[in-house]
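Derivation of every value follows stated rules applied to the coordinates shown; laboratory data play no part. These numbers come from a predicted model, not from an experiment. As a convention, Cβ positions derive from the backbone with ideal geometry for all residues, glycine included, and neighbour counts pool all protein chains shown.
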Amino acid sequence: MTTFYDLSAQNIRGENIAMADFAGKVVLVVNTASECGFTPQYQGLQDLYAKYHDEGLVILGFPCNQFGGQEPGENDTIEQACQINYGVEFPMFAKVDVNGANSHEVFQYLTKALPGTFGRKVKWNFTKFLIGRDGKPLKRFAPTKRPESMDADIARVLAK
């Protein structure tokens, strides 16, 4: 049976990253977009990362252009926009599909483990998946759930 730690993805610079590199960490996986109404959530995500990184939180951003074409840029443009506009320090990955036949294995795994209102589909940009230190998917958050409102959930998982 596949676990989160069996998966891998290319980071935004094209390097293959094993999810096993994050073993023992609390992981928040987010599908992102630079031209979305929820794009300001990058700031809230960065704030959570800054607050909890030393306690073991890692946020993994996966740009996606499947929702309204709101992530049209190439990886280098996306990376620059994240750093310049929001000071993003958490790991960003190469642009992926999160739904459909070409959906990335990370999202295939997470949507199967934590189906949402629309079943195994991701509803929109900035859907978030919280994964415990043991690699077990724990909770799915809707795109409208602001990062700062997830603080208590993250603190509770970090404390375990």
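Below, the figures for the structure above:
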read-out	value
Cross-link partners of LYS121 among aspartates and glutamates (Cα-Cα below 17 Å; sequence separation of 8 or more within a chain)	ASP97, GLU105
Relative contact order (%) - criterion: Cα under 8 Å, at least six apart; region: the chain	29 percent
Against the rule of thumb 2.2 N^0.38 Å, how large the Cα Rg of segment 4-159 comes out	0.93
In nm, spacing of pseudo-spin labels at ALA155 and ALA20 (7 Å Cα→C-beta vector)	3.5 nm
Listed peptides 2-11, 28-37 by packing density, highest first (mean Cβ within 10 Å)	28-37, 2-11
